[in-house]
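For reference, the structure discussed in these notes is given below.
The values are calculated or read from the model by the stated rules, or taken from the named source; none is laboratory data. Since this is a predicted model, take the numbers as computed values, not measurements. As a convention, Cβ positions derive from the backbone with ideal geometry for all residues, glycine included, and neighbour counts pool all protein chains shown. For the accessible areas, the whole protein counts, side chains as well, though only heavy atoms, and no ligand, DNA or RNA atoms are used. Shrake-Rupley method; radii C 1.70, N 1.55, O 1.52, S 1.80 Å.
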Amino acid sequence: MNIGGIGTTNYLTARYSTKNEEKKVSENQFLDTVSKKEVENAIDYEEKLLENIAPNAPEEVKTAWKEASKEVGVNGMGMKKNGMLSHISQMLVQQLINAHNGNPNPQDILGDSVESAWQAAKKALYALENPLAPINQRKLEVQEQIKKEKEFYQAFITKLEQFL
């Protein structure tokens with residue numbers, strides 16, 4: 001397109017390209033900020049979770065939990081990274097049993113030693129490997145979450161065994 005002998009096509013194309021590049025840079029900055037915030041929130045969430053379920057646990061237990069969670073991509077409470085419940089986990093069941101039995105601190109499921117955390121994880125893994133109802137009767141999404149939960153307990157147990 002020429003207006004008065006001046007080639008405007010190149011100008012418009014260049015202007016459009018610049019705007020698109022600015023938009024992409026802006027989108028990338030936004031995504032970087034969101035990603036950093038998600039990481040910060042995940043770290044805060046995991047810390048808060050451990051304060052709840054392991055207030056008296058030694059640092060080795062908390063470290064093993066975090067490493068297993070990072071390795072597998074889920075934690076043993078059936079929580080997604082955004083804090084939502086993906087399914088009812090065995091550790092959550094244990095909290096409910098503790099509350100029903102009148103334990104003074106039913107949330108504390110990992111105890112105050114590496115051995116007590118190891119026993120809790122073994123108990124949860126056993127319950128998953130020996131379910132009261134067949135797992136294939138559950139939704140496919142829940143079946144997948146249960147598989148990930150098993151992987152978490154196996155990784156957590158392996159990490160705890162280094163300290164026993």
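Some points to look at:
- Furthest towards positive pole of dipole, N101, I135, I88, structure part region 87-143, Cβ charges: I135
- Extended-chain gain in nm, criterion 0.36 nm per residue less alpha-carbon gap, N56 and R138: 26.0 nm
- Residues in region 71-80 carry Karplus couplings, in order, of 5, 8, x, 9, 10, x, 9, x, 9, 7 Hz; the curve used is 6.51 cos²θ - 1.76 cosθ + 1.60 with θ = phi - 60°, and Gly or Pro positions show x.
- Close amide H contacts of M79 (hydrogens built in the peptide plane, cut-off under 5 Å, sequence separation of 5 or more or a different chain): S86.
- The residues of region 71-164 expose on average 59 square angstrom of accessible surface per residue, using a 1.4 Å probe on protein heavy atoms.
- Full extension of the chain between N98 and N82 yields a length gain of 3.2 nm, computed as 0.36 nm times the residue separation minus the alpha carbon distance.
- Karplus-derived HN-Hα couplings along region 105-119 (A = 6.51, B = -1.76, C = 1.60, θ = phi - 60°), whole Hz, x at Gly and Pro: 10, x, 6, 6, 9, 9, x, 10, 8, 4, 5, 5, 5, 4, 5
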